[in-house]
Amino acid sequence: MPTPPHTSDDMRSLPTLRQSLRTFASSPHTFQILRTIPYPSPKLSSPLKTLYILDSSFNPPTLAHLRICTSAILSDKPTAVPKRLLLLLATQNADKAPKPAAFEQRLAMMSLFAEELINRVTGSDEGKHKEGDVIVDVGVTKEARFIDKAKVLEQQEEYSDPGPVEQVHLTGYDTLIRLLDTNYYPPDHTLKPLEGLLEKHRVRVTRRTDDAWGGREEQDGYLRRIAEGETEADGGRREWAQRIELVEGRTEGEEIISSTKVRKAAKGKDEQALSKLVTDAVASWILEKNLYLEED
Ligand SMILES: Nc1ncnc2c1ncn2[C@@H]1O[C@H](COP(=O)(O)OP(=O)(O)OP(=O)(O)O)[C@@H](O)[C@H]1O
Ligand SMILES: NC(=O)c1ccc[n+]([C@@H]2O[C@H](COP(=O)(O)O)[C@@H](O)[C@H]2O)c1
């Protein structure tokens, strides 16, 4: 699908975004890029090899999402360029009903977040990238499951030209558990449908150590059990463990960050709490637009 070059201003205009979402919803397409930074993209010095994808409800984007993206981009050598990251808003979630804020608000925040992210990873400091070496897309999809998103992205010209591009899906530990949950794969309810994703692509999982998802040992143990063949009874493969990388999230004692926590802080107009959970531009947008005041 041709990419309408939404500018930074378009992405701050809620009527423009509403119209773009309407056009997308009524189209037969299941994926669309709304904004690319920088645009027009610089001529690539070498073919794109890796596409990082953060698929999220971005309700709103948080500092945890920022860390997931920057850590992935900076984990690879600065010379391994170009690097491309897709911030992907799923308009249909596998589990959650739509909640505030409206999708156009989330897209506006994703665009601000993308600008801040680019600033973080490019600059003059050692280890950072030159301007133009990192490209960030803001896109939307109607697909809820990773296996379907991966297929749709493989078909996009931007992500397949001139040759195959390896996708690295960035998730948190809770999402890895749901990725490998047979309940999402009717009618047979086996893990076989994941073959396409886990044989061609990779998953980079950030540990999410808190009460709900257990500690580091428990999370590492889960991946070890995959490597030992525990999922084979469900149609999984032990080799998949090599396609899944577990990386550090917050360190001991560091604040737990989630979009739910941001929505609570926003409801209380708690600017100090917000500043520890989201980037500056996202915090300003939330306060200026009075987002999440109705949150329960
Ligand atoms: N603090 C975090 N640590 C590790 N992974 C995270 C963190 N926050 C979000 N993620 C991961 O980022 C992806 C998108 O996150 P999502 O939008 O669901 O955020 P969330 O904070 O879990 O949202 P909500 O609080 O609304 O349920 C998921 O794969 C999720 O696991
Ligand atoms: N098995 C799967 O592919 C699977 C399961 C649960 C969530 N998801 C997706 O992961 C993304 C993040 O989900 P949450 O916002 O619920 O954390 C969403 O796009 C959601 O649809 C995919």
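Counting only residues that are within 10 Å of Val168 (Cβ to Cβ), assigned to a loop (DSSP other than H, G, I, E, B) and hydrophobic (A, V, I, L, M, F, W, C), region 42-77 holds 0 of them.
Scanning region 223-257 for residues that are modelled with pLDDT of 95 or more, open to solvent by less than 70 Å² (accessible area, probe 1.4 Å) and not hydrophobic (A, V, I, L, M, F, W, C) turns up Gly229, Thr231, Gly235, Gly236, Arg243. Of the helices (runs of 4 or more DSSP H) that lie entirely inside region 80-190, those containing 1 or more residues that are touching a Leu at 6+ places or on another chain (Cβ under 7 Å) and open to solvent by less than 10 Å² (accessible area, probe 1.4 Å) span 103-121, 146-154. Selection of first residues in region 136-162 that are at pLDDT 95 or above and of second residues that are of a type in the set (D, E, K, R) and open to solvent by less than 10 Å² (accessible area, probe 1.4 Å), restricted to Cβ pairs under 9 Å at least 6 apart or on distinct chains, gives the following pairs, ordered by first then second residue: Thr141/Lys149; Glu143/Lys149. Scan region 9-22 residue by residue and report those that are free of Cβ contacts under 8 Å to residues at least 12 places away in the same chain and open to solvent by 70 Å² or more (accessible area, probe 1.4 Å). Hits for region 9-22 are Asp9, Pro15, Gln19, Arg22. Does region 45-65 include one or more residues that are more than 16 Å from ligand 1 (Cβ to nearest atom), farther than 23 Å from Phe146 by Cβ and touching a His at 6+ places or on another chain (Cβ under 9 Å)? No, region 45-65 contains no residue that is more than 16 Å from ligand 1 (Cβ to nearest atom), farther than 23 Å from Phe146 by Cβ and touching a His at 6+ places or on another chain (Cβ under 9 Å).
The values are calculated or read from the model by the stated rules, or taken from the named source; none is laboratory data. Only a predicted model underlies this, so the values are computations on that prediction, with no experimental measurement involved. Methodologically, a virtual Cβ is constructed for each residue, glycine included, from the backbone with ideal geometry; neighbour enumeration extends over all protein chains shown. Ligands, DNA and RNA are excluded from the accessible area calculation, which covers all protein heavy atoms including side chains. Shrake-Rupley method; radii C 1.70, N 1.55, O 1.52, S 1.80 Å.
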